[in-house]
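What follows is a set of notes on a single structure, which appears directly below.
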Amino acid sequence: MSQEVFHYPGLNLGKAHPRTHAIAQTTIFGFWVFLMSDAILFGLVFSSYVTSVHATAGAPGPKQLFDITSVFAETLLLLASSFTFGMASLSMKYSHSKRRLVGWLVLTLVLGAGFLGLETHDFLTMVAKGGAPEHSGFLSAFWDLVPLHGLHVTGGSIWLICLLGQIKRYGLDTRTKLDIMRLALFWHFLDIVWIAIFTVVYLAGLA
Amino acid sequence: MSTASIVYDIIGRFTMHSLPFYDMVQNPTKENLINGSIAGFAACVAVGGLVIVVAGITYLKKWRWLWSEWLTSTDHKKIGIMYVVIAFVMMGRAIIEAILMRAQQAWGLDGGFLSPNHFGQLFSTHGTIMIFFMAMPFLIGVINYVMPLQIGARDVSFPVLNSISLMLTAAGAILIMASLVFGQFSTGGWFGYPPYTEAHFLPGVGPDYWIWALSLSGLGSTLTGINFAVTIFKERAPGMKLFYMPLFTWAALCTSIMMIFAMPPLTVATAQLALDRYLGFHYFTNELGGDMMHFVNLFWIFGHPEVYILIIPAFGIYSEVFSTYSGKALFGYASMVLAIMCIAILSFTVWVHHFFTMGQGPSINAVYGIASMLIGIPTGVKIYDWMWTMFRGRVRITAPMIYAIGFIVLFVLGGMSGIVLANPSVDFQVHNTDFLVAHFHNVIIPGVLFGLIAGYHFWFPKVFGYRLDERWGIFAACCWTLGFMLAFFPLYALGIMGLPRRTVAYAQPAYVPLEMAAFGGALLIGVALLSLLIQLVVSYLHRDENRVPVGDPWDGRSLEWACAAPPPEYNFPVIPMVSDRDAFTAAKAFGTAYLPPAEYVDITLPKNAAMGPVIGALGFAIAFGLVWHIWWLVCLATLGAFATMIVRGFARDTTKTIPAAEVEAEYEQWLEVVRAATPVTRADETRPVNQGLADQTALGAAS
Amino acid sequence: MSERTDQIGDRPAGLELQRREFYSYVSGVVLALILTLVPFGLVHFGHAPVTTVYWVIGCLAFVQMIVHFRFFLHIGFRQKREDLQLILFSAVLLIIMIGGTVWIMGSLAGRMMLPLQP
């Protein structure tokens, strides 16, 4: 593999058995298709949000509820976690020690948990300010969109914990590696969704 | 803590009133008696059917067989068969409901015999079942069975996921069946428009049944779509370029792509409705900034592609049927492929024509109206291609061909009424009338249903190893066609005369003769369904004289006919090499069709997995708990589902190997059968002499 | 299949590749950071007209998404085309669906004389 040949998007397995590559191609492509389906889901929830922004019905709106510093911190945490997951993928691909890979993954998990913690704090503050979902159409749309992303991150974190368990149990076998590759795609994809969220929901709401 | 609250904690909002005959017993008025008897009878049929099936399996000691051979199977062929079984069971229920509705309207001049609530449940379940639990499982089942064989693959890309999809669909179907016995179904129609379906207007379990049944089946369909699309992209036999694929596989590809992208809007719409109903959100409510039109918009972003998800596989089936029974290669293959792709893309751009009257601006209506009419162009291309395929072919009028020819005539009519409706100014006149009901039945029955039944006839010998009885098949086909015309053509007139759809009773005597005619048509369709059942029984009893072990009873053209009938678990002993369209016709022409391979190899297949049935059962438990507010069940089942997925993640030993020697022995045995069989000409294809080996010397057999 | 074959064979080429991929991630993060800081700063400290702000942050978000696709998800023109096609196709459908929804619901809101701004 002198030239970099991409068999599939995302990080490739290093030099591997052709049969492994064939399995990986199918699995990774399948996961991409799933991600695109998920993207449509998010897209429609976004369109619901955008068309409901005006429907505050007397309840507090974006300017009263959103806190830009907290959102900024969340954005940085998620971006950092994307980077650490990238480092994890690199150490997997280039067969560094297992400890290094696990270290990066744990760091990613910690950053993800930090993001979720901050986000939960934001949500609680919002409710305290009268921003619970049952107060207006706008708030309903907000509470569908942003927590949906949060649920995805939660799901990804649980998956990450399971993968750490698999690494402990089986080491880095093909199945675990494929799972890490898919989770990497998922994680980076969620970061892209977050770009849309901080722009459309928070920044546009506060502008 | 009071007793009432403890009971609520245990069984949720279930009360005696939830049983279908309770009101009849409590308050025996004439109306309650009639409706209670019908609902009670339906519940008894559902429970009785379940009891008979369970007792039968127990008596025959078949539980272990059922579990290990079927429920946990990851074989795409068995999963396909199970899908079609679900479809037929659900079709039985939905057709009976249709006959009831037509009877109600036929006698609807003085109020009829059904209560409006009961009638509302009938049209809601009829529509929901026919779309989500008849047409979808049927087409997914056929694709599941046929597509991997057509592309020369051993299985789909993700066999366990396939089993999960099946079981989620089954869970949804069982949930709909449960609504016969526990509580009542929604009266909000198959698209469940809010605000009527909001908790404020329909606080009962009905809309919840609808929401969760759709969610289960929608999730299953999304996963199936992913599975099929990846399979077609990644698992094709060596040499099979995209433009060598049989047209049915092309149709399967377009349909799966549409499933992947069209199901999310439905998920969003039903999830938001659920949030409204369960957590007091305000998406679609009348007050506090909710807007029910969001739902209409989201639902039809899904809904329009959905009808093409249904019809495109049927187009694929018709393509195979026309070309096989005309003994000719398909006319205009490339234009057919292009047309299907155009239809698939255009179908995402026309959803507004379902709600021209909603109140958006006229320019929007104009744009989407024109886009809707544009779909007529690729569809027209396909119609001409099919006719050209028959032209100068040696056309055999078999049961599938009767459906196919009936389809061409009737579908063109339905399509024309569609062009009429695509004009917003006309649509305003006939919106929500029976004209619309006539139109979509006119495209869906001859288009989708005829196609699926034609496919059922066409591939049945491949699946079970014997042909279906031809005489009953032709009789059923004629009943379907005539019954359809009698049942739905009057509705065009009724619609123009102003009869709104879903009318439970009316005051206009001029409607009666047409309604009576339509009722007659519905009965004829009932006869057609019955004949299909009789045909199945007759064919089963006479199976030994109709066997086609060689596997090619119709002189087929694509790879699925190249293997035994029924095919071995691994489909092909050695993956075939493909170098042209109509791969099997080419092989037969060059005499390479029934040759032993140079070398046999071990075959790796996925092991059975309990994942599918377990997830299906837990999915049902979650949905049922949500419907009845049985929260402990919801929590337990959700935890169980997570645990199952985590445990599955730790599974490693998931494949089994079939040794080369075993493959060789089986294949050699089949080749013996092939050598012993007499080739038959097309004149004899419906006679017992047809063992599935086509005579290649006959005139025009392989052109 | 043996796991030993997953080892990288030719070390020097592997190292070179590894360094390149590492810098790809680093440049991705740096770019993403800039593209995050600018819109946040614009909204927090800026006094530009709202429409301008919408356009600027919208464009920056679009660029940042491409950065993520390119540097984190390694989507480029060098790999097999069907994956890129998949993403572009999804993007087209997203535009059709979101654009259509906004157009339709916006028109409806206008004709029902609902306020378009909070």
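The values are calculated or read from the model by the stated rules, or taken from the named source; none is laboratory data. Since the structure is predicted, the reported quantities are computational estimates derived from the model, not experimental observations. Glycine also receives a Cβ, built like all others from the backbone with ideal geometry; neighbour counts cover every protein chain displayed. Just so you know, the surface numbers come from the protein's heavy atoms only, side chains and all, with ligands and any DNA or RNA stripped out. Shrake-Rupley method; radii C 1.70, N 1.55, O 1.52, S 1.80 Å.
Please compute, for peptide A:23-36, the average count of beta-carbon atoms on other protein chains lying within 10 Å of each residue's beta-carbon.
Mean number of neighbouring Cβ atoms from other chains: 6.
Taking the Cα centre of region A:14-206 as the origin and placing charges on Cβ (Lys, Arg +1; Asp, Glu -1), which of A:VAL53, A:ILE180, A:LEU203 is farthest toward the positive end of the dipole?
Result: A:ILE180.
Counting helices only, and only those DSSP H runs with n ≥ 4, report the 222 nm mean residue ellipticity of chain B as the sum of -39,500 (n - 2.57) divided by its residues, in deg cm²/dmol to the nearest 500.
The helix-only estimate for chain B comes to -21500 deg cm²/dmol at 222 nm.
Let me know the longest stretch in chain B that avoids all GluC sites (Glu not before Pro) found in a DSSP loop with at most 11 other C-beta atoms within 10 Å.
B:288-598
What does the C-alpha gyration tensor say about the overall shape of chain B? Classify as rounded when a/c is under 1.5, otherwise prolate if a/b is larger than b/c, or oblate.
Prolate, because a/c is 1.5 or more and a/b exceeds b/c.
Could you give the size of the charge dipole of region B:386-531 about its Cα centre, using +1 on the Cβ of each K and R and -1 on the Cβ of each D and E, expressed in debye and rounded to the nearest 20?
540
Would you please state which residues of region B:304-333 a label at B:THR592 would reach in this model, taking the label point 7 Å out along Cα→Cβ and a backbone N cut-off of under 11 Å?
Output list for this probe position: empty.
Once you have the Cα-Cα distance between B:THR657 and B:GLU545, take 0.36 nm times their residue separation minus that, and quote the gain in nm to one decimal.
Gain on extension, B:THR657 to B:GLU545, equals 36.8 nm.
Within region B:49-89, list the trypsin sites (Lys or Arg not before Pro) lying in a DSSP loop whose Cβ has at most 14 other Cβ atoms in a 10 Å radius.
Of the trypsin sites (Lys or Arg not before Pro), the ones in loops of region B:49-89 whose Cβ has at most 14 other Cβ atoms within 10 Å are B:LYS61, B:LYS62.
For B:ALA510 and B:PHE650, calculate 0.36 nm times their separation in residues minus their Cα-Cα distance, and state this gained length in nm to one decimal.
Between B:ALA510 and B:PHE650, full extension yields an extra 43.6 nm.
What do you get for the angle between helix B:470-496 and the principal long axis of chain B? Use alpha-carbon atoms, 0 to 90 degrees, nearest ten.
With both axes taken from Cα atoms, the answer is about 40 degrees.
Just how far, in whole angstrom, is region B:650-667 from region B:510-535 if you go by their alpha carbon centroids?
Centre-to-centre distance over Cα atoms comes out at 50 Å.
Show that you can apply the helix-only estimate: for chain A, add -39,500 (n - 2.57) for every DSSP H stretch of four or more residues, divide by all residues, and state [θ] at 222 nm to the nearest 500.
Value at 222 nm, helices only: -26500 deg cm²/dmol.
For the pairs B:LYS78/B:LYS241; A:LYS168/B:LYS62; A:LYS168/B:LYS78, note any where the Cα-Cα span goes beyond 31 Å.
Result: A:LYS168/B:LYS62; A:LYS168/B:LYS78 exceed 31 Å.
Say R0 is 30 Å: what FRET efficiency, to the nearest 0.05, do C:VAL63 and A:THR154 get from their beta-carbon distance?
E(calc), rounded to 0.05, equals 0.55.
For chain A, take the longest principal axis of its alpha carbons; what is the angle in degrees between that and the long axis of helix A:18-52, to the nearest 10 within 0 to 90?
0
Ballpark to the nearest 100 Å², how much total accessible area do C and A bury together, probe 1.4 Å?
Looking at C and A, the buried total is near 5600 Å².
Kindly provide the Kirkwood hydrodynamic radius of the protein assembly as shown in Å, to one decimal, from all pairs of distinct alpha carbon atoms.
For the protein assembly as shown, the Kirkwood estimate is 30.4 Å.
Pick out, in residue order, every one of the chymotrypsin sites (Phe, Trp or Tyr not before Pro) in region C:24-99 that is DSSP loop and has at most 16 other C-beta atoms within 10 Å; say none if there are none.
Passing both the DSSP loop test and the Cβ count: C:PHE77.
Using the charge dipole of the protein assembly as shown (Lys, Arg: +1 at Cβ; Asp, Glu: -1 at Cβ; taken about the Cα centre), state which of C:LEU86, B:GLY332, A:PHE85 has its Cα farthest towards the positive end.
Most positive-ward Cα: A:PHE85.
Contour minus end-to-end for B:GLU664 and B:TYR384, with contour as 0.36 nm per residue of separation and end-to-end as the Cα-Cα distance?
Additional length available on full extension: 96.3 nm.
Roughly how many percent of the accessible protein surface of region B:193-351 is carbon and sulfur, given a 1.4 Å probe and a whole-percent answer?
With neighbouring chains kept in place, the figure for region B:193-351 is 74 percent.
Quick check for you: which residues of region B:637-675 have the amide N under 15 Å from the point 7 Å beyond the Cα of B:ASP602 toward its beta carbon?
B:653-664
Counting other Cβ atoms within 10 Å, keep those with at most 12, restrict to DSSP loop, and tell me which chymotrypsin sites (Phe, Trp or Tyr not before Pro) in region A:74-119 are left.
none
Give the accessible surface of the protein assembly as shown per residue, rounded to a whole number of Å², with probe radius 1.4 Å and ligands, DNA and RNA excluded.
38
How large is the dipole of region B:547-686 about the Cα centre if only Lys and Arg carry +1 and Asp and Glu carry -1, each at its Cβ, rounded to the nearest 20 debye?
Rounded to the nearest 20 debye, it is 640 debye.
Only residues of region A:119-152 count here: report those whose backbone N is under 20 Å from the spot 7 Å along Cα→Cβ of B:HIS200, or say none.
A:132-144
In region B:635-651, what residues drop by 50 Å² or more of accessible area when the other protein chains are put back, versus the chain on its own? Use 1.4 Å, and skip ligands and nucleic acids.
Buried by 50 Å² or more upon assembly, which counts only protein chains, are B:PHE650.
Computed over the Cα atoms of region C:8-74, what is the convex hull's projected area averaged over all directions, in nm²?
4.8
Using alpha carbon centroids, what distance separates region B:53-128 and region B:566-640, in Å?
24
For an R0 of 45 angstrom, estimate the FRET efficiency from the Cβ-Cβ distance between C:SER24 and A:THR125 and round to the nearest 0.05.
The value I calculate is 0.75.
Please report how far the C-alpha centroid of region B:140-175 lies from that of region B:317-372, rounded to the nearest whole angstrom.
25
So which of B:LYS234/B:LYS462; A:LYS93/B:LYS656; B:LYS328/B:LYS588; B:LYS462/B:LYS607; B:LYS77/B:LYS656 end up more than 22 Å apart by C-alpha?
Flagged as over cut-off: B:LYS234/B:LYS462; A:LYS93/B:LYS656; B:LYS462/B:LYS607.
Counting only protein heavy atoms and rolling a 1.4 Å probe, how much accessible area do B and C lose on contact, total for both sides, in Å² to 100?
1800
Go from 0 up to the bin containing the longest alpha carbon distance in chain A, width 10 Å each, and give me the % of pairs per bin.
Reading the bins upward from 0: 8, 32, 30, 18, 10, 2, 0.
For B:214-223, what's the mean count of beta carbons from other chains sitting within 10 Å of each residue's beta carbon?
Neighbouring Cβ atoms belonging to other protein chains average 1 per residue here.
Suppose R0 equals 56 Å. What FRET efficiency, 1/(1 + (r/R0)^6) with r the Cβ-Cβ distance, do B:SER363 and B:THR29 give to the nearest 0.05?
Efficiency computed from Cβ-Cβ geometry: 0.60.
Normalised by the residues of chain B, what does the relative contact order come to in percent, with Cα pairs under 8 Å and at least six apart?
Contact order relative to length: 17 percent.
So, with +1 on the Cβ of K and R and -1 on the Cβ of D and E, and no other charges, what is the size of the charge dipole of region B:32-141 about its Cα centre, to the nearest 20 debye?
Dipole about the Cα centre, nearest 20: 420 debye.
Averaged over its residues, how many other protein chain Cβ atoms are within 10 Å of peptide B:30-37's Cβ atoms?
0
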